[in-house]
Structures are given as C-alpha cells and as structure tokens.
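Peer 1: Provided herewith is a single structure, encoded as structure tokens, for subsequent inquiry.
The values are calculated or read from the model by the stated rules, or taken from the named source; none is laboratory data. Remember, it's a predicted structure, so these values are computed and weren't measured experimentally. Here Cβ is always computed from backbone atoms with ideal geometry, including for glycine, and neighbour counts include all displayed protein chains.
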Amino acid sequence: MSALKHFLLIPVLSICFWTTPAVSVDLSAGGQKAASCVGCHGAQGKSNNNQWPNLAAQQATYLANQLNAFKSGTRANAMMQAMATNLSDDDINNLAAYFTGLPAVSSGGDAALASAGAAKSAMCLGCHGAKAQGNGQFPRLAGQQPEYLLAQLKGFKEGSRKNGMMQAIVANLSEQDMQQLAAYFGGL
C-alpha cells in the first residue's frame with residue numbers, strides 16, 4: 001500500500017509544480033512605479049487617509065488581482081481605473097511584489113469597538129489567515145484602515161462591491177458588527 005501511495009503522490013506533485021507559472025519580479029522597478037501610489041497609499045504603503053487602504057505587507061496575489069480588476073473595469077473606482085489602465089502585466093507583478101515586501105503597519109482602531117470585534121473575528125480568519133495576515137487571493141486585514149474596511153464591508157452588503165462569498169457573510173452583519181470588526185482588524 002505504501003508503494004501505491006508514493007506511486008500516486010509523485011505524479012500529483014509533479015502536476016502541481018508544472019502548472020504553477022513562474023513569475024519574475026523586479027522589486028526595484030516596483031519601487032519606482034510605486035512612487036505614483038504614494039499620494040493616496042502613503043510612503044511605505046501606509047495610507048495617510050483613512051478612506052484609502054494600506055498596501056504594506058498586503059498579499060501579492062490579492063494586489064495583482066485587484067489591479068487587474070481595476071484595469072479591466074470589473075472593479076469600479078475612477079481613480080484606480082485611471083492608474084491601472086497603463087500598467088503592464090510586469091508592472092502589476094512588480095508593484096504587488098514591492099508592496100508585499102514592505103513591513104506590516106497598524107492603523108489602530110477604537111479600543112472598545114475592537115474588543116467587541118475580537119469576539120466576532122473568527123468568521124473572517126478562515127479565509128484571511130489565522131492572524132488576518134491575508135492568504136493569497138484573500139487580503140490582509142490586519143492593520144488596515146478601519147474606515148476603509150468598514151466601507152468595503154458596506155459595499156459588499158449593498159452590492160456595489162461584488163464577491164458572492166463576502167456578500168453572503170456580510171448579509172447577516174449589522175452596522176455595529178461591521179464597525180467592531182473593522183476596529184479590531186485595524187488595531188492588529
């Protein structure tokens with residue numbers, strides 16, 4: 001039986017490695033391109049405006065997916081669509097790698113709301129990682145701007161931001177639940 005396991009395991013692992021595309025990134029080019037992001041997303045990826053997300057330590061796959069969504073128009077934001085329109089695939093991968101490599105930041109949040117949000121956070125951690133650090137296509141929530149997180153949760157609930165899984169999760173959250181979760185994650 002052991003030989004059968006090895007016999008089946010090797011082809012499966014081989015397929016996984018052969019089908020994973022290798023993406024070459026240039027962190028220097030990403031840093032240079034990121035200069036146009038500083039006005040909104042701040043130096044070192046920490047936004048100075050609570051309505052715009054921190055990009056520091058964000059998941060590369062998530063960032064690349066979002067930039068591609070802005071570029072194609074499947075995610076609506078006039079400013080980001082204008083910024084992403086002229087980005088090449090290499091630019092997007094370089095930017096994503098650059099921001100992913102920056103040290104994580106914390107935006108803080110109302111302590112009382114955060115305390116209540118901690119008790120509700122488990123519903124988010126399965127996808128967003130045990131410490132809300134993000135997980136591939138799922139974004140980092142830890143340290144994010146609470147107001148930005150709240151706006152995104154509201155967008156999913158109202159349907160202006162599309163993602164079936166997130167829309168199903170927020171459908172049962174109250175405004176207070178969303179405020180508490182946003183404060184909690186912002187303070188990590």
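Peer 1: Quick check on region 108-122. Is at least one of its residues within 19 Å of the chain's Cα centre (by Cα), surrounded by 15 or more Cβ atoms within 10 Å (Cβ to Cβ) and more than 12 Å from G187 (Cα to Cα)?
Peer 2: yes
Peer 1: Is region 55-63 home to any residue that is out of contact with any Gly (no Cβ under 9 Å at 6 or more places or on another chain) and either under 28 Å from F156 (Cα atoms) or at pLDDT 95 or above (or both)?
Peer 2: Yes; the residues of region 55-63 include at least one that is out of contact with any Gly (no Cβ under 9 Å at 6 or more places or on another chain) and either under 28 Å from F156 (Cα atoms) or at pLDDT 95 or above (or both).
Peer 1: Restricting to region 126-159, name every residue that is out of contact with any helix residue (DSSP H, G or I) (no Cβ under 8 Å at 6 or more places or on another chain), part of a loop (DSSP other than H, G, I, E, B) and of a type in the set (G, A, S).
Peer 2: G129, A130
Peer 1: Those residues that are farther than 21 Å from A114 by Cβ, of a type in the set (D, E, K, R) and exposed (fewer than 15 other Cβ atoms within 10 Å of the Cβ), I need them from region 140-178; list them, please.
Peer 2: Within region 140-178, E158, K162 qualify.
Peer 1: Next question, about the same structure. May I ask you to verify whether Y62 is of a type in the set (F, W, Y), touching a Pro at 6+ places or on another chain (Cβ under 6 Å) and closer than 22 Å to K46 by Cα?
Peer 2: Taking the combined requirement at face value, the residue satisfies it.
Peer 1: Also: Of (1) surrounded by 19 or more Cβ atoms within 10 Å (Cβ to Cβ); (2) free of Cβ contacts under 8 Å to residues at least 40 places away in the same chain; (3) among the polar types (S, T, N, Q), Q133 satisfies all except one. Which?
Peer 2: It fails just one condition, (2).
Peer 1: Just one of the numbered conditions (1) more than 14 Å from the chain's Cα centre (by Cα); (2) surrounded by fewer than 22 Cβ atoms within 10 Å (Cβ to Cβ) is not true of A104; which one?
Peer 2: Evaluating A104 over (1) more than 14 Å from the chain's Cα centre (by Cα); (2) surrounded by fewer than 22 Cβ atoms within 10 Å (Cβ to Cβ) leaves (1) as the failure.
Peer 1: May I pose another question? If you go through region 133-152, how many residues are out of contact with any Cys (no Cβ under 8 Å at 6 or more places or on another chain) and farther than 23 Å from E175 by Cβ?
Peer 2: Qualifying residue count for the region: 5.
Peer 1: A further question follows. List, please: which pairs have Cβ atoms under 7 Å, are six or more places apart or on different chains, and start with a residue in region 157-185 that is assigned by TED's automatic domain parsing to the domain that holds Q133 and end with one that is hydroxyl-bearing (S, T, Y) and not in a helix (DSSP H, G or I)?
Peer 2: That search, which allows pairs on different chains as well, returns L181/S121; Y184/S121.
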